[in-house]
Amino acid sequence: MDRSRRTPHGPTRRTDRASPPGVPSVGSPAPTARARFLAADAYRVEREWTRYEGTPQRDLFRVLRERFLDRHAVDAPWVLDAGSGPGRFTGRLGGPRSRRVAFDVSSMMLERLEAHWADSIAALTRPDRVRGDLASAPFPPGRFGEVVLLGNLVGFAGSLGPTVLESAAALVSPEGTLVVEVVPGSGERSRYLGRLPARVVGRLLRSPVRALVPRIEREGFAGEPKRRAEEGGFLRAGPFDLDRWLGPAGWSAVETMAVAPVLGTDAERVAAAHGDPKAWEHLLEVEEEVGRRTERWDRAAAVLVALRRTRLRAQH
């Protein structure tokens, strides 16, 4: 039986091979992160899937990412989910005509993607699954109309983060889009909504967004402390770092958004809005509007950036 599948560089047998054991690829994540990803067991794989479901707060984090991806989806022949994990967001890439490629260092993550796709995304063609490191990805330059790096791949690459980012950018077609998630800080929350009882916040979020945002910004934001010690080699990077690394090659951000800076760390108040469709929609709109403000980016626990080539590479 012919088990070959089409890939971005022609028909071939499915590639689920990584670099030889014990030989890290150039630009691979810092050793501690790489070892953890390679050794991912069934528990960790399932945890990666469920961290975006099961509570209103997780729903908020997931839906904001989905909406961002939907705004920047490119209906190109090929799109790439780099660091796809078990495929939580792979189906949001591309359009009806697109062939999706899930690319991850963990074979178990890719195996679980197959099962999740069959269970929940059956309406779309299943993606090709390719195992490997991003900086040594087996794809030709400029092959993909859309390349997405969620899960803070740049941060887990440590000092090699810029190399990983540049390698991803090289895979994007000239008119394509690159979407990157970075982690500049530990997060923050609204002081105004935080001083109100949760039930009041739930009712208040039924108000027009244009009336809520000035109140939220007037009282400012409280930063969150670090949740845990960072892994050795972990790189904190923000949108301005992306501009510094990719700007000389002609890349510019077309949208930058901190993920849930208003109530993202306040599970109780998120839950108060979750059960009311109007309050929930307004919360999403408030989070997006406030998250696009430049002053919210430095302390955010996650920032999404969509970039396109808008000018020629600078001449030296």
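The values are calculated or read from the model by the stated rules, or taken from the named source; none is laboratory data. On a predicted model such as this, the values are computed, not experimentally measured, just so you know. Heads up, the Cβs are rebuilt from the backbone with ideal geometry, glycines too, and the neighbour counts pull from every protein chain shown.
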- In segment 151-179, what residues are touching a strand residue (DSSP E or B) at 6+ places or on another chain (Cβ under 6 Å) and either over 14 Å from Ala237 (Cβ atoms) or hydroxyl-bearing (Ser, Thr, Tyr) (or both)? Ala169, Leu171, Val172, Ser173, Gly176, Thr177, Leu178, Val179
- When you go through Arg62, Arg44 one by one, which is the residue that is surrounded by fewer than 20 Cβ atoms within 10 Å (Cβ to Cβ), over 17 Å from Thr177 (Cβ atoms) and modelled with pLDDT under 95? Arg44
- Item | Per-region count, segment 262-280, residues closer than 22 Å to Arg293 by Cβ and either touching a helix residue (DSSP H, G or I) at 6+ places or on another chain (Cβ under 8 Å) or without any contact (Cβ under 8 Å) to a residue 60 or more places away in the chain (or both) | 9
- Please tell me if Val259 is crowded, with 20+ Cβ neighbours inside 10 Å and in contact (Cβ under 8 Å) with a residue 60 or more places away in the chain. yes
- Taking Arg206, is it in a helix (DSSP H, G or I), farther than 30 Å from Glu166 by Cβ, of a type outside the set (Ser, Thr, Tyr) and modelled with pLDDT of 90 or more? no
- Assess whether Ser159 counts as being over 17 Å from the mean Cα position of the chain (by Cα), of a type outside the set (Val, Ile, Thr), more than 18 Å from Ala73 (Cβ to Cβ) and buried (at least 22 other Cβ atoms within 10 Å of the Cβ). no
- Message: Let me confirm something: among Ser167, Ser159, Ser190, which residue is among the hydroxyl-bearing types (Ser, Thr, Tyr), farther than 25 Å from Pro86 by Cα and at pLDDT below 95?
- Response: Ser159
- Message: Could you check segment 134-150 and list, in sequence order, the residues that are under 17 Å from the mean Cα position of the chain (by Cα) and at pLDDT below 90?
- Response: Leu134
- Qualifying positions in segment 84-105 - out of contact with any helix residue (DSSP H, G or I) (no Cβ under 9 Å at 6 or more places or on another chain) and among the charged types (D, E, K, R): Arg97, Arg99
